[in-house]
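This report concerns only the one structure given below.
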Amino acid sequence: MNQRSPERHWPHIGQRIVKTTIAVFICLLIYWLRGYRGADMPTEAAITAIICMQPYVQRSRDFALNRLTGTLIGAAWGLLLLLLLLAFPALGENVLSRYALMALGVMMSLYTAVLLRKPDCSSLAAIVFICVVIAFPEIDQPLQRAFIRITGVLLGTLVAIAVNVARLPRDKVRDRVFFVRTKDLVPDRFSHLPAAAMFRLNYLYNDGAKICLMSEHAPAFFTLQMNEAMLSVPLIVMDGAAIYDGNENRYLHAETIPPTASAWLRAELDSLELSYFIYTIHHDKTCIFHRGEMNAQEKILCERLRRSPYRSYLEGEIYEAEEIVYFKLVGEEARLTALEARLRPVLAEHDLRAAVRPQTIGRGLTGFYIYSARATMAQAEETLMALLNRDDPSLKPMEIFSRAPYRSEHDAMHLLHRLGNAYEPVKFLPRREEP
(Lines give C-alpha, C1' and ligand atoms only; values in the text may rest on other atoms or scores of the structure.)
Protein backbone atom coordinates (compact mmCIF):
# COMPACT_ATOMS: atom_id res chain seq x y z
CA MET A 1 0.00 0.00 0.00
CA ASN A 2 1.51 3.29 -1.08
CA GLN A 3 1.55 6.07 1.46
CA ARG A 4 1.11 9.68 0.45
CA SER A 5 4.27 11.69 0.78
CA PRO A 6 4.08 14.53 3.29
CA GLU A 7 2.86 17.79 1.77
CA ARG A 8 5.62 20.34 1.38
CA HIS A 9 5.16 24.06 1.64
CA TRP A 10 7.25 27.16 2.16
CA PRO A 11 6.62 29.37 5.20
CA HIS A 12 3.96 31.97 4.44
CA ILE A 13 4.88 35.57 3.73
CA GLY A 14 2.93 37.20 6.55
CA GLN A 15 1.15 40.55 6.54
CA ARG A 16 3.91 42.14 8.62
CA ILE A 17 6.51 41.28 5.95
CA VAL A 18 4.31 42.59 3.16
CA LYS A 19 3.39 45.77 5.02
CA THR A 20 7.01 46.46 5.98
CA THR A 21 8.07 46.06 2.35
CA ILE A 22 5.34 48.46 1.21
CA ALA A 23 6.23 51.01 3.90
CA VAL A 24 9.94 50.98 2.97
CA PHE A 25 9.06 51.36 -0.72
CA ILE A 26 6.83 54.36 0.02
CA CYS A 27 9.54 56.03 2.12
CA LEU A 28 12.17 55.58 -0.59
CA LEU A 29 9.74 56.73 -3.27
CA ILE A 30 8.97 59.93 -1.36
CA TYR A 31 12.66 60.80 -1.12
CA TRP A 32 13.17 59.93 -4.78
CA LEU A 33 10.36 62.32 -5.72
CA ARG A 34 12.05 64.98 -3.59
CA GLY A 35 15.21 64.66 -5.68
CA TYR A 36 17.37 62.45 -3.46
CA ARG A 37 19.37 59.76 -5.25
CA GLY A 38 21.66 56.90 -4.26
CA ALA A 39 23.97 57.58 -1.32
CA ASP A 40 22.34 60.97 -0.76
CA MET A 41 19.00 59.34 0.04
CA PRO A 42 18.37 59.49 3.82
CA THR A 43 17.80 56.07 5.40
CA GLU A 44 16.15 57.17 8.67
CA ALA A 45 12.64 56.99 7.22
CA ALA A 46 13.07 53.43 5.90
CA ILE A 47 14.75 52.21 9.09
CA THR A 48 12.03 53.80 11.21
CA ALA A 49 9.31 52.17 9.10
CA ILE A 50 10.94 48.76 9.65
CA ILE A 51 11.19 49.26 13.42
CA CYS A 52 7.72 50.71 13.85
CA MET A 53 5.93 48.02 11.84
CA GLN A 54 4.64 45.77 14.62
CA PRO A 55 2.05 42.96 14.62
CA TYR A 56 -0.50 45.09 16.48
CA VAL A 57 -1.41 48.63 15.44
CA GLN A 58 -1.21 49.77 19.07
CA ARG A 59 2.33 48.37 19.35
CA SER A 60 3.25 50.26 16.17
CA ARG A 61 2.07 53.46 17.82
CA ASP A 62 4.08 52.71 20.96
CA PHE A 63 7.20 51.96 18.92
CA ALA A 64 6.61 55.08 16.85
CA LEU A 65 6.35 57.24 19.96
CA ASN A 66 9.54 55.74 21.39
CA ARG A 67 11.30 56.14 18.05
CA LEU A 68 10.30 59.79 17.77
CA THR A 69 11.18 60.55 21.41
CA GLY A 70 14.58 58.88 21.10
CA THR A 71 15.26 60.72 17.86
CA LEU A 72 14.41 64.12 19.36
CA ILE A 73 16.64 63.46 22.39
CA GLY A 74 19.57 62.21 20.31
CA ALA A 75 19.20 64.91 17.68
CA ALA A 76 18.99 67.65 20.33
CA TRP A 77 22.19 66.56 22.07
CA GLY A 78 23.87 66.00 18.70
CA LEU A 79 22.96 69.48 17.54
CA LEU A 80 24.18 70.95 20.83
CA LEU A 81 27.56 69.21 20.48
CA LEU A 82 27.98 70.27 16.84
CA LEU A 83 27.22 73.88 17.72
CA LEU A 84 29.71 73.66 20.60
CA LEU A 85 32.44 72.24 18.34
CA LEU A 86 31.80 74.89 15.68
CA ALA A 87 31.83 77.67 18.28
CA PHE A 88 35.04 76.37 19.88
CA PRO A 89 37.08 74.72 17.08
CA ALA A 90 39.89 73.87 19.49
CA LEU A 91 37.68 71.26 21.16
CA GLY A 92 37.36 69.35 17.90
CA GLU A 93 40.90 69.59 16.64
CA ASN A 94 42.19 66.94 19.04
CA VAL A 95 40.78 63.49 18.22
CA LEU A 96 40.83 62.30 21.82
CA SER A 97 38.97 65.33 23.15
CA ARG A 98 36.43 65.13 20.31
CA TYR A 99 35.75 61.47 20.95
CA ALA A 100 35.54 62.09 24.68
CA LEU A 101 32.87 64.71 24.05
CA MET A 102 30.99 62.26 21.80
CA ALA A 103 31.09 59.60 24.53
CA LEU A 104 29.84 62.20 27.01
CA GLY A 105 27.01 63.01 24.58
CA VAL A 106 26.04 59.33 24.49
CA MET A 107 25.86 59.33 28.27
CA MET A 108 23.70 62.46 28.31
CA SER A 109 21.35 61.01 25.66
CA LEU A 110 20.89 57.83 27.71
CA TYR A 111 20.40 59.74 30.95
CA THR A 112 17.90 62.17 29.41
CA ALA A 113 15.71 59.28 28.23
CA VAL A 114 15.77 57.76 31.70
CA LEU A 115 15.10 61.17 33.27
CA LEU A 116 12.02 61.56 31.05
CA ARG A 117 10.89 58.06 32.12
CA LYS A 118 11.36 56.74 28.60
CA PRO A 119 13.98 54.01 29.18
CA ASP A 120 12.80 52.04 26.12
CA CYS A 121 14.07 54.75 23.81
CA SER A 122 17.39 55.39 25.58
CA SER A 123 19.46 53.19 23.24
CA LEU A 124 17.83 54.76 20.22
CA ALA A 125 18.60 58.25 21.53
CA ALA A 126 22.28 57.33 21.83
CA ILE A 127 22.30 55.84 18.30
CA VAL A 128 20.73 58.95 16.78
CA PHE A 129 23.21 61.15 18.65
CA ILE A 130 26.14 59.22 17.16
CA CYS A 131 24.60 59.36 13.67
CA VAL A 132 24.33 63.15 13.92
CA VAL A 133 27.87 63.87 15.16
CA ILE A 134 29.99 61.03 13.78
CA ALA A 135 30.81 62.80 10.49
CA PHE A 136 32.32 65.85 12.23
CA PRO A 137 34.30 67.85 11.07
CA GLU A 138 32.81 67.21 7.58
CA ILE A 139 29.59 68.97 8.66
CA ASP A 140 28.79 72.47 7.40
CA GLN A 141 25.17 72.82 8.48
CA PRO A 142 24.56 71.07 11.81
CA LEU A 143 21.03 72.44 12.18
CA GLN A 144 20.04 71.08 8.77
CA ARG A 145 21.64 67.70 9.57
CA ALA A 146 19.63 67.36 12.79
CA PHE A 147 16.46 68.51 11.02
CA ILE A 148 16.90 65.87 8.30
CA ARG A 149 17.22 63.17 10.97
CA ILE A 150 14.04 64.30 12.70
CA THR A 151 11.97 64.65 9.51
CA GLY A 152 13.18 61.27 8.28
CA VAL A 153 12.07 59.56 11.48
CA LEU A 154 8.75 61.42 11.45
CA LEU A 155 8.11 60.40 7.83
CA GLY A 156 8.95 56.73 8.52
CA THR A 157 6.73 56.76 11.59
CA LEU A 158 3.71 58.17 9.77
CA VAL A 159 4.14 55.83 6.80
CA ALA A 160 4.47 52.76 9.06
CA ILE A 161 1.32 53.60 11.03
CA ALA A 162 -0.65 54.43 7.87
CA VAL A 163 0.35 51.17 6.16
CA ASN A 164 -0.27 49.13 9.31
CA VAL A 165 -3.75 50.56 9.78
CA ALA A 166 -4.69 50.09 6.11
CA ARG A 167 -6.24 46.71 5.31
CA LEU A 168 -7.49 44.97 2.20
CA PRO A 169 -11.28 44.85 2.02
CA ARG A 170 -12.28 41.55 3.62
CA ASP A 171 -15.43 39.72 4.62
CA LYS A 172 -15.47 38.01 8.01
CA VAL A 173 -17.14 34.62 7.98
CA ARG A 174 -19.19 34.81 11.18
CA ASP A 175 -21.44 31.84 10.45
CA ARG A 176 -18.75 29.15 10.62
CA VAL A 177 -17.30 27.13 13.49
CA PHE A 178 -13.80 26.07 12.49
CA PHE A 179 -12.63 22.71 13.82
CA VAL A 180 -8.85 22.35 14.22
CA ARG A 181 -6.92 19.38 15.60
CA THR A 182 -4.20 20.20 18.13
CA LYS A 183 -1.94 17.51 16.63
CA ASP A 184 -1.75 19.72 13.53
CA LEU A 185 -0.42 22.60 15.67
CA VAL A 186 2.04 20.87 18.03
CA PRO A 187 4.23 17.76 17.64
CA ASP A 188 3.04 16.05 20.83
CA ARG A 189 0.97 16.62 23.96
CA PHE A 190 3.85 18.04 26.00
CA SER A 191 5.02 20.67 23.48
CA HIS A 192 3.99 24.32 23.69
CA LEU A 193 2.35 26.02 20.77
CA PRO A 194 5.05 28.19 19.07
CA ALA A 195 4.82 31.90 19.92
CA ALA A 196 4.13 32.93 16.31
CA ALA A 197 1.33 30.37 16.02
CA MET A 198 -0.13 31.45 19.38
CA PHE A 199 -0.16 35.06 18.20
CA ARG A 200 -1.92 34.11 14.97
CA LEU A 201 -4.45 31.94 16.81
CA ASN A 202 -5.23 34.65 19.36
CA TYR A 203 -5.53 37.24 16.60
CA LEU A 204 -8.29 35.14 15.04
CA TYR A 205 -9.95 34.49 18.40
CA ASN A 206 -9.80 38.19 19.29
CA ASP A 207 -11.27 39.13 15.91
CA GLY A 208 -14.32 36.97 16.53
CA ALA A 209 -13.46 33.71 14.77
CA LYS A 210 -15.20 30.69 16.29
CA ILE A 211 -12.49 28.04 16.55
CA CYS A 212 -12.90 24.67 18.26
CA LEU A 213 -9.65 22.89 19.14
CA MET A 214 -9.88 19.10 19.11
CA SER A 215 -7.55 16.84 21.08
CA GLU A 216 -7.06 13.14 21.72
CA HIS A 217 -6.06 14.00 25.28
CA ALA A 218 -7.67 15.29 28.47
CA PRO A 219 -8.14 19.06 29.05
CA ALA A 220 -5.08 19.18 31.31
CA PHE A 221 -2.83 19.26 28.27
CA PHE A 222 -4.32 22.55 27.08
CA THR A 223 -2.93 24.17 30.22
CA LEU A 224 0.53 23.05 29.07
CA GLN A 225 0.28 23.70 25.34
CA MET A 226 -2.06 26.65 24.93
CA ASN A 227 -2.70 28.25 28.30
CA GLU A 228 -2.58 31.71 26.65
CA ALA A 229 -5.21 30.90 24.01
CA MET A 230 -8.27 33.19 24.13
CA LEU A 231 -10.79 30.37 23.69
CA SER A 232 -14.12 31.38 22.18
CA VAL A 233 -15.63 27.91 21.64
CA PRO A 234 -15.59 24.84 23.95
CA LEU A 235 -12.93 22.19 23.33
CA ILE A 236 -13.42 18.65 22.08
CA VAL A 237 -11.20 16.41 24.21
CA MET A 238 -10.45 12.75 24.98
CA ASP A 239 -10.60 11.77 21.30
CA GLY A 240 -14.18 12.96 21.01
CA ALA A 241 -15.43 11.47 24.29
CA ALA A 242 -16.06 14.85 25.96
CA ILE A 243 -16.70 18.55 25.34
CA TYR A 244 -14.98 20.93 27.75
CA ASP A 245 -15.50 24.64 28.39
CA GLY A 246 -11.98 25.98 28.91
CA ASN A 247 -13.19 29.37 30.14
CA GLU A 248 -15.53 28.01 32.82
CA ASN A 249 -13.41 24.89 33.50
CA ARG A 250 -16.30 22.47 33.27
CA TYR A 251 -17.45 19.60 31.08
CA LEU A 252 -20.49 20.33 28.91
CA HIS A 253 -20.93 16.79 27.64
CA ALA A 254 -19.35 13.34 27.94
CA GLU A 255 -19.97 10.05 26.15
CA THR A 256 -19.43 7.65 29.04
CA ILE A 257 -19.22 3.87 28.80
CA PRO A 258 -22.48 2.17 29.88
CA PRO A 259 -22.13 0.51 33.34
CA THR A 260 -22.95 -2.95 31.97
CA ALA A 261 -20.25 -2.63 29.29
CA SER A 262 -17.68 -1.30 31.77
CA ALA A 263 -18.43 -4.13 34.20
CA TRP A 264 -17.90 -6.70 31.43
CA LEU A 265 -14.70 -4.99 30.27
CA ARG A 266 -13.23 -4.86 33.77
CA ALA A 267 -13.96 -8.54 34.27
CA GLU A 268 -12.41 -9.37 30.89
CA LEU A 269 -9.21 -7.40 31.55
CA ASP A 270 -8.94 -8.82 35.08
CA SER A 271 -9.30 -12.37 33.72
CA LEU A 272 -6.35 -11.68 31.42
CA GLU A 273 -4.38 -10.40 34.46
CA LEU A 274 -3.82 -7.04 32.80
CA SER A 275 -3.28 -3.76 34.63
CA TYR A 276 -5.05 -0.66 33.31
CA PHE A 277 -6.23 2.87 34.02
CA ILE A 278 -9.86 3.98 34.26
CA TYR A 279 -10.50 7.62 33.34
CA THR A 280 -13.57 9.20 34.91
CA ILE A 281 -15.14 12.64 35.13
CA HIS A 282 -16.19 13.50 38.65
CA HIS A 283 -17.42 17.00 39.56
CA ASP A 284 -15.83 18.43 36.38
CA LYS A 285 -12.44 16.93 37.27
CA THR A 286 -10.51 14.19 35.48
CA CYS A 287 -9.99 11.42 38.01
CA ILE A 288 -7.86 8.41 37.09
CA PHE A 289 -7.99 5.06 38.88
CA HIS A 290 -5.64 2.12 38.42
CA ARG A 291 -6.38 -1.58 38.66
CA GLY A 292 -3.90 -4.44 38.86
CA GLU A 293 -0.21 -4.43 39.62
CA MET A 294 1.42 -1.41 37.99
CA ASN A 295 4.03 -2.39 35.41
CA ALA A 296 7.24 -0.49 34.58
CA GLN A 297 5.68 1.37 31.66
CA GLU A 298 2.72 2.52 33.74
CA LYS A 299 5.06 3.76 36.46
CA ILE A 300 6.84 5.93 33.89
CA LEU A 301 3.50 7.33 32.79
CA CYS A 302 2.33 8.05 36.33
CA GLU A 303 5.56 9.70 37.43
CA ARG A 304 5.28 12.21 34.61
CA LEU A 305 1.55 12.86 34.52
CA ARG A 306 0.60 12.92 38.18
CA ARG A 307 2.66 16.10 38.73
CA SER A 308 -0.04 18.10 37.00
CA PRO A 309 -2.53 19.87 39.32
CA TYR A 310 -5.26 19.44 36.69
CA ARG A 311 -5.73 15.67 37.04
CA SER A 312 -5.95 13.29 40.00
CA TYR A 313 -4.55 9.76 40.22
CA LEU A 314 -6.51 7.84 42.85
CA GLU A 315 -6.44 4.46 44.54
CA GLY A 316 -9.45 2.28 45.30
CA GLU A 317 -12.82 1.96 43.61
CA ILE A 318 -14.20 4.53 41.19
CA TYR A 319 -16.83 6.99 42.41
CA GLU A 320 -19.67 6.00 40.08
CA ALA A 321 -19.80 3.48 37.25
CA GLU A 322 -21.71 6.04 35.14
CA GLU A 323 -18.70 8.39 35.18
CA ILE A 324 -16.26 6.13 33.27
CA VAL A 325 -15.13 7.79 30.04
CA TYR A 326 -12.45 5.38 28.83
CA PHE A 327 -10.01 2.62 29.74
CA LYS A 328 -6.31 2.82 28.96
CA LEU A 329 -3.54 0.20 28.88
CA VAL A 330 0.13 1.06 28.42
CA GLY A 331 2.79 -1.31 27.10
CA GLU A 332 4.76 -2.50 24.11
CA GLU A 333 3.23 -1.93 20.70
CA ALA A 334 3.27 -5.54 19.51
CA ARG A 335 1.52 -6.85 22.62
CA LEU A 336 -1.19 -4.17 22.66
CA THR A 337 -1.79 -4.37 18.91
CA ALA A 338 -2.36 -8.13 19.27
CA LEU A 339 -4.69 -7.48 22.23
CA GLU A 340 -6.68 -4.92 20.23
CA ALA A 341 -7.09 -7.37 17.32
CA ARG A 342 -8.28 -10.05 19.73
CA LEU A 343 -10.81 -7.82 21.54
CA ARG A 344 -12.10 -5.79 18.58
CA PRO A 345 -15.02 -8.09 17.60
CA VAL A 346 -16.14 -8.49 21.21
CA LEU A 347 -15.86 -4.76 21.92
CA ALA A 348 -18.17 -4.00 19.01
CA GLU A 349 -20.79 -6.31 20.50
CA HIS A 350 -20.78 -4.17 23.66
CA ASP A 351 -20.95 -0.85 21.72
CA LEU A 352 -17.31 -0.05 22.44
CA ARG A 353 -14.48 1.07 20.19
CA ALA A 354 -10.69 0.82 20.56
CA ALA A 355 -7.73 2.93 19.45
CA VAL A 356 -3.99 2.23 19.60
CA ARG A 357 -1.68 5.27 19.68
CA PRO A 358 2.05 5.71 20.40
CA GLN A 359 2.92 7.41 23.69
CA THR A 360 5.17 10.44 24.01
CA ILE A 361 6.47 9.23 27.37
CA GLY A 362 9.00 6.43 27.10
CA ARG A 363 10.50 5.20 23.85
CA GLY A 364 8.51 2.41 22.22
CA LEU A 365 5.49 2.74 24.51
CA THR A 366 1.99 2.43 23.11
CA GLY A 367 -1.42 3.25 24.54
CA PHE A 368 -4.51 1.08 24.04
CA TYR A 369 -7.72 3.10 24.56
CA ILE A 370 -11.28 1.78 24.86
CA TYR A 371 -14.21 4.22 24.51
CA SER A 372 -17.95 4.12 23.99
CA ALA A 373 -18.73 3.53 20.32
CA ARG A 374 -20.42 6.97 20.28
CA ALA A 375 -17.28 8.70 21.56
CA THR A 376 -15.88 9.91 18.24
CA MET A 377 -14.68 13.24 16.93
CA ALA A 378 -17.48 13.30 14.34
CA GLN A 379 -20.14 12.70 16.98
CA ALA A 380 -18.59 15.33 19.26
CA GLU A 381 -18.70 17.86 16.40
CA GLU A 382 -22.42 17.20 15.92
CA THR A 383 -23.08 17.50 19.66
CA LEU A 384 -21.15 20.75 19.96
CA MET A 385 -22.88 22.23 16.91
CA ALA A 386 -26.26 21.35 18.46
CA LEU A 387 -25.22 23.21 21.64
CA LEU A 388 -24.01 26.26 19.69
CA ASN A 389 -27.04 26.31 17.38
CA ARG A 390 -29.28 26.90 20.38
CA ASP A 391 -27.93 30.45 20.53
CA ASP A 392 -27.20 30.90 16.81
CA PRO A 393 -29.01 28.58 14.38
CA SER A 394 -27.05 30.00 11.41
CA LEU A 395 -23.74 28.46 12.50
CA LYS A 396 -22.26 25.73 10.30
CA PRO A 397 -19.14 23.55 10.83
CA MET A 398 -15.96 23.75 8.75
CA GLU A 399 -12.95 21.51 9.30
CA ILE A 400 -9.46 22.92 8.78
CA PHE A 401 -7.24 19.83 8.93
CA SER A 402 -3.70 19.18 7.76
CA ARG A 403 -3.23 16.57 5.06
CA ALA A 404 0.13 15.41 6.41
CA PRO A 405 1.72 14.70 9.82
CA TYR A 406 3.17 17.63 11.78
CA ARG A 407 6.90 18.21 11.08
CA SER A 408 7.71 21.74 12.25
CA GLU A 409 6.10 24.98 13.37
CA HIS A 410 5.87 25.98 9.69
CA ASP A 411 3.10 23.37 9.45
CA ALA A 412 1.20 25.07 12.28
CA MET A 413 1.56 28.49 10.65
CA HIS A 414 0.51 27.09 7.28
CA LEU A 415 -2.65 25.63 8.83
CA LEU A 416 -3.49 28.86 10.68
CA HIS A 417 -3.01 30.90 7.50
CA ARG A 418 -5.47 28.59 5.75
CA LEU A 419 -7.81 29.12 8.67
CA GLY A 420 -7.36 32.88 8.45
CA ASN A 421 -8.08 32.89 4.71
CA ALA A 422 -11.22 30.84 5.30
CA TYR A 423 -12.40 33.15 8.08
CA GLU A 424 -11.43 36.43 6.44
CA PRO A 425 -11.31 36.08 2.63
CA VAL A 426 -10.43 39.09 0.48
CA LYS A 427 -13.66 40.55 -0.94
CA PHE A 428 -12.61 40.75 -4.57
CA LEU A 429 -11.39 37.11 -4.63
CA PRO A 430 -13.84 34.23 -5.05
CA ARG A 431 -14.76 32.61 -1.74
CA ARG A 432 -13.48 29.04 -1.63
CA GLU A 433 -14.76 26.44 0.82
CA GLU A 434 -12.33 24.07 2.52
CA PRO A 435 -12.69 20.49 1.28
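The values are calculated or read from the model by the stated rules, or taken from the named source; none is laboratory data. Remember, predicted model here, so these are calculated numbers, not experimental data. Virtual Cβ from ideal backbone geometry, glycine too; neighbours counted across all protein chains shown. We work out accessible area using only protein heavy atoms, side chains counted, and drop any ligands, DNA or RNA first. Shrake-Rupley method; radii C 1.70, N 1.55, O 1.52, S 1.80 Å.
The set of residues from segment 196-216 being in a loop (DSSP other than H, G, I, E, B) and crowded, with 20+ Cβ neighbours inside 10 Å comprises A209, S215, E216.
The residue of segment 373-403 that is most open to solvent (accessible area, probe 1.4 Å), among those that are assigned to a loop (DSSP other than H, G, I, E, B) and closer than 20 Å to H217 by Cα, is R374. Looking across segment 278-323, the residues that are open to solvent by less than 30 Å² (accessible area, probe 1.4 Å) and modelled with pLDDT under 90 come down to T286, C287, I288, F289, H290, E298, L301, C302, L305, S308, R311, I318.
Would you be able to say whether some residue in segment 183-200 is modelled with pLDDT of 90 or more and in contact with a strand residue (DSSP E or B) (Cβ under 7 Å, 6 or more places away or on another chain)? Taking every residue of segment 183-200 in turn, none turns out to be modelled with pLDDT of 90 or more and in contact with a strand residue (DSSP E or B) (Cβ under 7 Å, 6 or more places away or on another chain).
Yes or no: segment 349-363 includes at least one residue that is in a strand (DSSP E or B) and over 21 Å from E255 (Cβ atoms). Yes: one or more hits. Considered as a group, the residues in segment 77-133 that are over 20 Å from F147 (Cα atoms), touching a helix residue (DSSP H, G or I) at 6+ places or on another chain (Cβ under 9 Å) and of a type in the set (A, V, I, L, M) include one that is surrounded by the fewest Cβ atoms within 10 Å (Cβ to Cβ), and that residue is A90.
Answer with yes or no whether L231 is under 25 Å from R176 (Cβ atoms) and outside any loop (DSSP other than H, G, I, E, B). Criteria not met by L231. Where helices (runs of 4 or more DSSP H) fall wholly inside segment 57-176, the ranges with 3 or more residues that are hydrophobic (A, V, I, L, M, F, W, C) and modelled with pLDDT under 80 are 57-87, 122-133, 142-165. Of all residue pairs spaced 6 or more apart or on separate chains, those with beta-carbon atoms under 6 Å, a first member in segment 192-214 that is farther than 20 Å from E381 by Cα and a second member that is open to solvent by less than 30 Å² (accessible area, probe 1.4 Å) and β-branched (V, I, T) are L193/V186.
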